[in-house]
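Below is one structure, written out as structure tokens; comments come after it.
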Amino acid sequence: MSRHSDSTGPKAVLRRIGAAMISARARAIMSIGIVLGLGAVGTLAAWSDTATATSGTFTTGKLDIMVGNPAVDNNPTAFSTALTKTAMFPGDTVAAGLLVTNAEGSVANNYTISVLASDATLGLLLDSSVFSGPPVSGACSGSPLSTVSGLNTSKPFPGLSRPLLARPTSTIITGQTDQLCINVTMRSTAASPTTPATGTITYTLTATSS
């Protein structure tokens, strides 16, 4: 009887009511805790900011080697007019000045020269030399810089590497120049070809930035 009374009596009812109230309160507290927890996550989010640093202007350089006076990219008229010879015999020499210019270039460079005759038979008979300075009385009189023997194949002038400074930026003066004198000689031991040989000689200047 006592057990039945405990489960159905006033005390049992009060216990069940109290337990229900405690459970409801616990759920409420947990709900509040969840809400506060979510609020805490939002409050702890990291602040952020940005800053930038911009460089100065970059500009690509220009290398522009030219020849002649006035300077041109290829085949200055004065050079082809002076460096020519008809009825050339062994021992004959002809010379012409060649002005080399870093005409519009903003980059310093070193240049080399190679040479080739358009006709191999003619080229075998000829030698060519490069001197510093202009021709005097139709002949190269400056310091000898390099010589190529036999112009039948393309050959660089050995040991010849000439510097050209960049074009000055503070004035309107054109770029750094280098005055050369180039001569062509038919060797005194050259044998005359069966058929007269004729052709042109091309000097190729190659500049590399330094």
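Filtered by the rule that a residue be crowded, with 18+ Cβ neighbours inside 10 Å and touching a residue at least 40 places away in the same chain (Cβ under 8 Å), the range 128-146 gives SER128, SER129, VAL130, PHE131, PRO135, CYS140. From the list GLY123, GLY37, the lone residue that is outside any loop (DSSP other than H, G, I, E, B), modelled with pLDDT of 90 or more and out of contact with any His (no Cβ under 6 Å at 6 or more places or on another chain) is GLY123.
As a summary of the residue check, THR121 satisfies the conditions (1) out of contact with any strand residue (DSSP E or B) (no Cβ under 9 Å at 6 or more places or on another chain); (2) closer than 27 Å to PRO70 by Cβ; (3) of a type in the set (Val, Ile, Thr) except for the one numbered (2).
Within the range 98-113, does at least one residue satisfy the condition of being without any contact (Cβ under 8 Å) to a residue 60 or more places away in the chain, assigned to a strand (DSSP E or B) and crowded, with 18+ Cβ neighbours inside 10 Å? No, the range 98-113 has no match at all. Evaluate the following for THR81: is it without any contact (Cβ under 8 Å) to a residue 60 or more places away in the chain and either buried (at least 20 other Cβ atoms within 10 Å of the Cβ) or farther than 16 Å from THR185 by Cα (or both)? Against the criterion (without any contact (Cβ under 8 Å) to a residue 60 or more places away in the chain and either buried (at least 20 other Cβ atoms within 10 Å of the Cβ) or farther than 16 Å from THR185 by Cα (or both)), THR81 qualifies.
The values are calculated or read from the model by the stated rules, or taken from the named source; none is laboratory data. Remember, it's a predicted structure, so these values are computed and weren't measured experimentally. We place every Cβ from the backbone using ideal geometry, glycine too, and count neighbours over all the protein chains shown.
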